[in-house]
1. Do you know which residues across the range 237-249 are surrounded by 15 or more Cβ atoms within 10 Å (Cβ to Cβ) and either part of a loop (DSSP other than H, G, I, E, B) or hydrophobic (A, V, I, L, M, F, W, C) (or both)?
2. Is it the case that Leu96 is part of a strand (DSSP E or B), in contact (Cβ under 8 Å) with a residue 60 or more places away in the chain and under 30 Å from Val463 (Cα atoms)?
3. On the basis of being aliphatic (A, V, I, L, M), in contact (Cβ under 8 Å) with a residue 60 or more places away in the chain and within 29 Å of Asn202 (Cβ to Cβ), does Leu415 make the cut?
4. Restricting to the range 278-305, and then to whatever is in contact with a strand residue (DSSP E or B) (Cβ under 6 Å, 6 or more places away or on another chain) and polar (S, T, N, Q), can you tell me which residue is nearest to Ser324 (Cα to Cα)?
5. When the range 373-401 is examined, which residues are found to be in contact (Cβ under 8 Å) with a residue 60 or more places away in the chain and under 26 Å from Val155 (Cα atoms)?
6. Cβ contacts < 6 Å: first residue farther than 26 Å from Arg337 by Cβ, restricted to the range 296-317; second residue assigned to a loop (DSSP other than H, G, I, E, B) and aliphatic (A, V, I, L, M), any location; separation 6+ or different chain. Result?
7. Report the residue count in the range 206-225 for those that are crowded, with 22+ Cβ neighbours inside 10 Å and either at pLDDT below 95 or not in a strand (DSSP E or B) (or both).
Amino acid sequence: MAGLESLLTWPGRPGRQWNLACCAAFGLAASFWFPGDVVAGQTTPPSRPVILANRWQEDWSALADPTLRVRPLDRLKYLPFAANSPSWYVSFGGNLRERFESSESLTPVATGSRSDGYLLDRLQLHADTRVGQHWQLFVQLEDARTLGKATLTPVDSNRLDLRQGFVAYRRELGDGELKVRAGRQEMSFDLQRFISSRNGPNVRQAFDALWINYEIAAWRLIGFWSHPVQYRSAEVFDDVSDRRFQYGGVRIDRQLRSAGELSGYYSRWMRNDVHYLDASGNESRRIYDLRYAGKTMRWDWDVEGMTQRGTLGTASVRAWALGSQVGYTADNAWAARWALQFDAASGDRRAGDGRLNTFNPLFPNGAYFTLGGYTGYSNLVHLKPSLTLHPAPGWSLMLGWGLQWRQTTSDGVYLQSGRVVPGTAGLRDRWTGMYGQGRIDRVVSRYLALAVEVVHFDPGSAVREAGGRDGNYLGVEARLAW
């Protein structure tokens, strides 16, 4: 198990069996060291804080009550500055994720090999300082490594660096509440189709940003401007952001009386020296997004549409995307949920016409389709029925079948990474392929979760004519949070 700079040692490239054994051993050991409140029977005291996906949102001031300090290392979860000021404290915590991946790509990678097996290792440590009810200082460090992978990408490895570091302020203002964050931070919207913290890959996405949030009654108003962080792994603390890459906008959310939430936002994307198949240069996009999501009785839905206008070099940009999910949860012992997902995104219509129609997926969620990375949110038509079962407390089983086409044959087939499958642009057949997906999630305790995901992608003629073959993916993951 690797960690920070001084702890990382890995002699040579291990085989797949060794990587898988290490991941399994980590999960087993963690279940003994951090038994916590096992989902299959024990319950958590109602007033005890809960570990959240966004660690900075946790409030550990409840541990001012000494009777709640019953878990290992609780003294580090709540260190008060003064005995009579429970809201003045510092809290420490961490996340560790180990994932073994075995992947066969659709086409040979730079090394000439389609098959690869490796271990993804991500360690995060944070300190959350609260100064009264209004101020917060949150600092999180991260060390992400990929062990044994033949070809590394920017989302695979990031040596010890600042993941988040921001100052937050909150107070009542009028009949609502104002929240402000300034500094390096993560942000995401909704199902994270287009704006996400990118939890699927090994290196998450952060932003050097100013975030202003005002909530009043059923309304929430958001304004933000950011320089997305660009990751380097040559040295420690070498990640950067600069004026050549900016993203920001305004957003309005409205909770509806009947059911659901309606939201919309306008944002600007500006980045220098960008390259597409049919255009290159400085990219400037005006983005308009509208979403309606909700749940009533046993039905749930999420529908989102986005249009993009602007320029890239000398070409004008005209692009769009649509994402939707509809689900029905049955009233049975396994709480079976049937779902249908439909996604579409524009591709470039005609090369050399002075217009770029390829949709820019912005900051997509690496796990929105599958962890296998066989589907990207550009030049896409995607249909996926799925079934999710809960056979026992803490267990979840998902089975999905995806069908994929190109929106236009003039553009290529895009992978989740944004890379184009070479040679696919201009081929006549729209059919890209289909895939089967299976995933098992096991919540062992409030500290530990395990997951296994398998994907098989059967490419269509658009990929096979370009030399592509079947793709296979296996991921075995253990996540530990403290």
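The values are calculated or read from the model by the stated rules, or taken from the named source; none is laboratory data. Predicted model only: the values in this text are computed from it and were never measured. Note that we place each Cβ from the backbone using ideal geometry, even for glycine, and neighbour counts take in every protein chain shown.
1. Passing the criteria: Asp239, Ser241, Phe245.
2. No: the conditions fail for Leu96.
3. So Leu415 fits the description; yes.
4. So, considering only residues that are in contact with a strand residue (DSSP E or B) (Cβ under 6 Å, 6 or more places away or on another chain) and polar (S, T, N, Q), the one nearest to Ser324 (Cα to Cα) is Ser284.
5. Gly373, Tyr374, Thr375, Tyr377
6. Close Cβ pairs satisfying both conditions: Leu312/Ala279; Gly313/Ala279; Ala315/Ala279.
7. 1
For every residue, the table says whether it meets (1) surrounded by fewer than 19 Cβ atoms within 10 Å (Cβ to Cβ); (2) in contact with a strand residue (DSSP E or B) (Cβ under 9 Å, 6 or more places away or on another chain).
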position: Gly366; (1), (2): no, no
position: Gly376; (1), (2): no, yes
position: Gly394; (1), (2): yes, yes
position: Gly400; (1), (2): no, yes
position: Thr432; (1), (2): no, yes
position: Asp441; (1), (2): yes, yes
position: Val444; (1), (2): no, yes
position: Leu450; (1), (2): no, yes
position: Gly460; (1), (2): no, yes
